[in-house]
Structures are given as structure tokens and as C-alpha cells.
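*Asks:* Structure in C-alpha cells, see below.
The values are calculated or read from the model by the stated rules, or taken from the named source; none is laboratory data. Values in this document were obtained by computation on a predicted structure and should not be read as measured data. Every residue, glycine as well, gets a Cβ built from its backbone with ideal geometry; the counts of neighbours run over all protein chains shown.
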Amino acid sequence: MTTQAWVFLGYFLVVFGIGWYSLRATRDETDYWIAGGELGWFTGGATMAATHTSAGTFVGTIGVMYTAGWSFGWVLLSIPLAYWFMVAVLAPRFTRQKELTIPAFIETRYYGKGVRGLAAGIILIATVVYIQAQIVAGGLIANTVFGIPTTWGMVGFTAILLVYTVVGGMVAVVYTDAFQLVVMGLGALFAVPLALRQVDGLGGLLTLVQSAHPLVFTWETMPATLLLTMGLSFFLGGVATPEKLIRLYAMKDMRTIRRGVLFAIVMILGINLLVFVLALCAIVLFPALSTGDLAMPMVATAVLPATLGSIMLAAITAAMMSTVDSLLIVAGSALSVDIYQNLIHPEVSLRRRMWVDRIGILIVGSTPVALLLSGVGEGDLVQFIVLLFTALMAAAFVLPVVGGVLWRRATREGAAAAMIGGVAATFAWEVWGAPTVEPVLCGFLVSAALFVGVSLVTPAPPASALEPYFEARTTSESA
Amino acid sequence: MSPPGFTFWGLFVACALLIAGYGAWMIWVERDR
């Protein structure tokens, strides 16, 4: 076996070990879906950062910077701002009453099973397609590392992900995420000095990169509207995507959340800045790649020595797996808790619930690979939705979630209209709108207009829906 | 070739300032607990 194969084998064994340990730590549904709601700042922050960092960071981001230059990097600043907003404004009210899923929050706040089913449906469809694209990336990595056909690689990755996620639920996801974050950090940390050595250090890099790409440090490579709306997309996606929100329920209390998010911000910024420097190195070392997406694989194979190169590939894999496992939890819970147990078969006994939960993850996890093997959703459609994923989630959930805990007057009908309208407007802009403005802007504005407009013309919510999130209205406070 | 200047170094400084700002806010929020 090659060095690469050994590194990957060791890596998978650690992941399985953690999955096995988590099975024993999972006693009930609260453990299975939100890790008992008792996570500390380190594990909570690590799983946030690992979930945030996907294969997109290691392949897509570096690819965009390779072509578009450094100004794209400034979009990064929207991420800490989004987390800060989430902790300071949203979390204190949102976490007063813990739920197992985000659609369950929607039902509590918006007093209706229908609107919960709607939220679960949007999450389910968007995540299954998103997972599909990540699995394709996994297949390609398996092909490079083990020399097996891409199809087998996709099946293999799905199997590995499903084994530990189905068995250990959120507990397994959290602890494997912490381990995968270490792998990602080490990969980026070791790669940068080695790549810098090839370009005569940082000073050499800064000179050479400007002769290879004269506009690299200017603001002329990307339209300002695109940079700003991309930042908005990252901000809104950071504030209210279900896989991030659910981690607020998983952490013990507000104090833990504040510390955990600080840790997550430091890790996300650190990993991204290291990856940005690698992108500059790629411009100097490989100035004529046909697509920016090849920049990272080129650095991993041609710049780094075999062992480090395989750690870098493992880092890309870790980024992919730690995002997909969190999406499996979100989609699996939408299917088994929000759709099956809530709408179809509410009388499931407590004992059988854990089985229903596991079958839910098994179904949402095998669907993407089954669709791919039967030739559905290969190529364009999947890429299309992946780019849209954050925008769709942001347009569907920011208003119902943030508005729901800040504005008493928000109603069930307003939330439903915001979700449907936001998703529809995002799609519409992607198809017909100007390419220099991200679709999230249109989706968000339509969603906001419908949320406020429809809420104001429909009957005010009952007191029972507001009681968990707002103080009783005895003081002079008005919302 | 001119040195990269603000576009390049500014991003690192801005990241550091944001982390420091968040940390200061955290201490301020928990000041009398």
C-alpha cells in the first residue's frame, strides 16, 4: 500500500473508533440529535468550525482566489460578523427553550404542524442535493488515493459516513468533527511553510505573485456589488443555516456558546487565511491552470512531500466529511422527527423512536448515492444547487428564525410566506437575474417583505407561542 | 513592482481586530456575573 493509503486508513480507523465510543454515550433522542444539549466550549466550537469549513474552502475558495485575486479574501470578514450577531442577538432568546430540530422551533414559535413540515421539506431537499455534490468530490479523492473507480469511492465514502453517523448520532458527529478540525488545521499549517519555501519566502511570494497576476492586489478583479452581495450571502448563511443553529441547542448555556463561537471564529479565520496564502503560492507555481479548482490538488501533489501531501488530501476529506455528517443529522432529523413522527405517525413509542431516527439518517444518506448511481443529478443541476445552497437556506430561514424571536407580531402565515417566497425568489434571480449580484439579495428582500407584510395582515400569534421567547408583557416593553 | 500594501495586510489586521473586538465584548457582557 502507498503512504497515502496508510494515512487514510489510520484516519478512518480513528473516525470509526470515535463512532463506536459515541454509541455507548447515546442513551436517548436528546443525546442522538443535540448531544444531550451539554457540549462544552471546545467541542461545541470545534464542531461549528469544522461544519463551516467544507471541501468548498479547500478547493472552491482557493480556486476563486487563484482567478479573482486577493480582494475576494475580504468577503471572509462577514463570517465573524455573522457569528457575533448570532451570539449577541439571536442566541439569548433562541435558546431559552431547547428543541431537537430547527423545524420543531418553527412549530413552537409559529403554532402549526404545517409550517414545520414546510421547513423540514425545504431542509430535506436542499441538503440531499448538497450531500450529492460532496459525495462526488469524495469519489474523486478515493480515486486519486486508492486508485479505485470513482463509483466505488462514492459508495465507500457514503458507507463510512453512515456507519458513524447512524450509530453515534450528534455525539459521534461532534467528536469526529473535533478530530477532523485538527486534521484540517495541521494540513493547512504544514502546507504553507513548504509552499512558501518554493517561492523564496513571503517577500519572494509577494513580488512574484504580482508579476504573474498584476491585478492580484487590486480591487479591479471583482465587481464591488458582487463582493458586497457575496459578503451578505456569507453573513446571512452564517446567521441562520439549520446545521449551525442546531449547535446552539447542543451547547450547554450562553456562557459556553460565547466561548465556543470565539474558538470557532479563530479557527475559521486561521484556516481560511492559510488557504488564501496557498492560493497565492499556486498563482506563482502554476500560473496557467485551466481552472482554479485544480490549484489545491496541484499544491497537494506537486509541492508537498508524499506524507504531507496525503495529510493535505486527508484535510480536504475531513472538511468534506465534517460538513456532510452535520447535514446528515439535520436532514435525518427533518425526515424522522419532523415529518414521520410529527405528521405521519405521532404514536411511535419511545423505544422505537431511536430506530426511526437511525433509519431516517440511513435513508437521507443513501438517497444521494442511489440517485447518482442511477444517473440522476450528475453534473450541472447538482453544481447549480450547491452554489445556491447557502442562499436558499438564508432566504428561507433568516427571517422566520431571527424575526421570530425579536418580533412578537410575526405570524405563522408570515413565516410560511417568507420561506416559500424566499426560496422561489432565490431560484428566480439565479435563472433570470444579473450575474454581478448574488441571488441571496433578491431572496432575502422578497422573504423580508413577505414576512412583514403577511404577518401584519394576518391575526396576531397566540400568547402560548410567544411565551417561550419573550418576557410577559407586564412591563412597558413593546416589541 | 509596488509592495501589496493595504489590500493584503489590511485583511490580516481586520481579522485580528474582529477577534479582539469579540473578546472584549464577551468580557464586557460577563463583567458582573
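*Asks:* Among the numbered criteria (1) under 23 Å from A:I316 (Cα atoms); (2) free of Cβ contacts under 8 Å to residues at least 24 places away in the same chain, which one does A:A88 miss?
*Replies:* Result: A:A88 passes all but (1).
*Asks:* Could you count how many residues in the stretch A:237-280 are assigned to a helix (DSSP H, G or I), within 14 Å of another protein chain (Cβ to nearest Cβ) and not hydroxyl-bearing (S, T, Y)?
*Replies:* 26
*Asks:* Just to be sure I understand, how many residues within the stretch A:1-33 are among the β-branched types (V, I, T) and under 22 Å from the mean Cα position of the chain (by Cα)?
*Replies:* 3
*Asks:* Any residue that is assigned to a helix (DSSP H, G or I), of a type in the set (S, T, Y) and either over 23 Å from A:G204 (Cβ atoms) or in contact with a Phe, Trp or Tyr (Cβ under 8 Å, 6 or more places away or on another chain) (or both) - is there at least one of those in the stretch A:335-356?
*Replies:* yes
*Asks:* Go through the stretch A:99-123 and count every residue that is assigned to a helix (DSSP H, G or I) and either over 27 Å from A:W407 (Cα atoms) or in contact with a Ser or Thr (Cβ under 6 Å, 6 or more places away or on another chain) (or both).
*Replies:* The total comes to 0.
*Asks:* Moving to a separate point now. Mind telling me which of the residues A:L445, A:L450, A:L399 ends up being more than 28 Å from A:I131 (Cβ to Cβ), crowded, with 20+ Cβ neighbours inside 10 Å, out of contact with any Asp or Glu (no Cβ under 9 Å at 6 or more places or on another chain) and without any contact (Cβ under 8 Å) to a residue 60 or more places away in the chain?
*Replies:* Exactly one residue qualifies, and that residue is A:L450.
This table checks each residue for (1) at pLDDT below 90; (2) closer than 28 Å to A:V14 by Cα; (3) out of contact with any helix residue (DSSP H, G or I) (no Cβ under 8 Å at 6 or more places or on another chain); (4) surrounded by 18 or more Cβ atoms within 10 Å (Cβ to Cβ).
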| residue | (1), (2), (3), (4) |
| --- | --- |
| A:A264 | no, yes, no, yes |
| A:M298 | yes, yes, no, no |
| A:A306 | yes, yes, no, no |
| A:I311 | yes, yes, no, yes |
| A:L335 | no, no, no, yes |
| A:N342 | yes, no, no, yes |
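*Asks:* Does the stretch A:189-207 contain any residue that is of a type in the set (G, A, S), more than 14 Å from chain B (Cβ to nearest Cβ) and in contact with a Phe, Trp or Tyr (Cβ under 7 Å, 6 or more places away or on another chain)?
*Replies:* No, every residue in the stretch A:189-207 fails to be of a type in the set (G, A, S), more than 14 Å from chain B (Cβ to nearest Cβ) and in contact with a Phe, Trp or Tyr (Cβ under 7 Å, 6 or more places away or on another chain).
*Asks:* Could you please find all residues in the stretch A:216-233 being farther than 16 Å from A:A282 by Cβ and either within 14 Å of chain B (Cβ to nearest Cβ) or among the small types (G, A, S) (or both)? Working first, answer last.
*Replies:* The first filter runs over the stretch A:216-233 and keeps only residues farther than 16 Å from A:A282 by Cβ, leaving A:218-220, A:222-233.
Within the stretch A:216-233, A:T218, A:W219, A:E220, A:M222, A:A224, A:L227, A:G231, A:S233 qualify.
*Asks:* Which condition number does A:A120 fail, the rest of (1) free of Cβ contacts under 8 Å to residues at least 40 places away in the same chain; (2) of a type in the set (A, V, I, L, M, F, W, C); (3) in contact with an Asp or Glu (Cβ under 6 Å, 6 or more places away or on another chain) being met?
*Replies:* With respect to (1) free of Cβ contacts under 8 Å to residues at least 40 places away in the same chain; (2) of a type in the set (A, V, I, L, M, F, W, C); (3) in contact with an Asp or Glu (Cβ under 6 Å, 6 or more places away or on another chain), A:A120 is out only on (1).
*Asks:* Out of the residues in the stretch A:1-40 that are of a type in the set (S, T, N, Q) and at pLDDT below 85, state the one that is surrounded by the fewest Cβ atoms within 10 Å (Cβ to Cβ).
*Replies:* A:T2
*Asks:* Now for a separate question. So, in the stretch A:54-71, how many residues would count as being in a helix (DSSP H, G or I), over 12 Å from A:V275 (Cβ atoms) and within 13 Å of chain B (Cβ to nearest Cβ)?
*Replies:* Selection size over the stretch A:54-71: 3.
*Asks:* Now for a separate question. Only one residue in A:T101, A:T51, A:T127, A:T108 is away from chain B (no Cβ under 14 Å), hydroxyl-bearing (S, T, Y) and surrounded by fewer than 24 Cβ atoms within 10 Å (Cβ to Cβ), so which one is that? First the steps, then the outcome.
*Replies:* Values: A:T101 fails: surrounded by fewer than 24 Cβ atoms within 10 Å (Cβ to Cβ); A:T51 fails: surrounded by fewer than 24 Cβ atoms within 10 Å (Cβ to Cβ); A:T127 fails: surrounded by fewer than 24 Cβ atoms within 10 Å (Cβ to Cβ).
Result of the check over A:T101, A:T51, A:T127, A:T108: A:T108.
*Asks:* Would you mention how many residues in the stretch A:266-280 are within 14 Å of A:H52 (Cβ to Cβ) and touching a residue at least 60 places away in the same chain (Cβ under 8 Å)?
*Replies:* 7
*Asks:* When residues of the stretch A:77-98 are filtered for being more than 14 Å from every other protein chain (Cβ to nearest Cβ) and assigned to a helix (DSSP H, G or I), how many remain?
*Replies:* Selection size over the stretch A:77-98: 3.
*Asks:* Okay, moving on. If I go through the stretch A:199-236 residue by residue, how many of them are closer than 27 Å to A:S54 by Cα and in a helix (DSSP H, G or I)?
*Replies:* 16
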